[in-house]
Amino acid sequence: MAENTQILHSRLVEHLRPDNPLARAPYLMPPFNLTTPSGVTALNAEATRQAAMIAYIDNFELMMIIIIVALPLLLLLRRSRSIPGAGAVAHD
């Protein structure tokens, strides 16, 4: 989870540079700004939040795949049927 969050965070912020026209004022809302320390901190926090969300989604997807693959194994876990009357001892 932590490794996946770090990888996704680096992918999300790799294009957040001052020379990127999409990372400027009309596209970024006021708390996010690449020229002030508080704006960079806000962008980093948002990228971390989004990276964690994507990492959780990836982990749940992996768990879903494992469960789907393991479901057919449930067919092999049936209880053996006991023969009626086999446990009873005849008394004469």
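Readers should treat all values here as calculations from the given coordinates under stated rules, not as data from a laboratory. Given the structure is predicted, the values throughout are model-derived calculations rather than measurements. So basically every Cβ, Gly included, is an ideal-geometry build from the backbone, and we count neighbours across all protein chains shown.
Below is a table of values for the structure above.
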item: Residues of the stretch 8-27 satisfying the condition of being of a type in the set (A, V, I, L, M) and in contact (Cβ under 8 Å) with a residue 12 or more places away in the chain; result: Leu8, Leu12, Val13, Leu16
item: Selected residue (criterion: surrounded by the fewest Cβ atoms within 10 Å (Cβ to Cβ)) from residues of the stretch 43-66 that are free of Cβ contacts under 8 Å to residues at least 24 places away in the same chain, under 30 Å from Met29 (Cα atoms) and among the charged types (D, E, K, R); result: Arg49
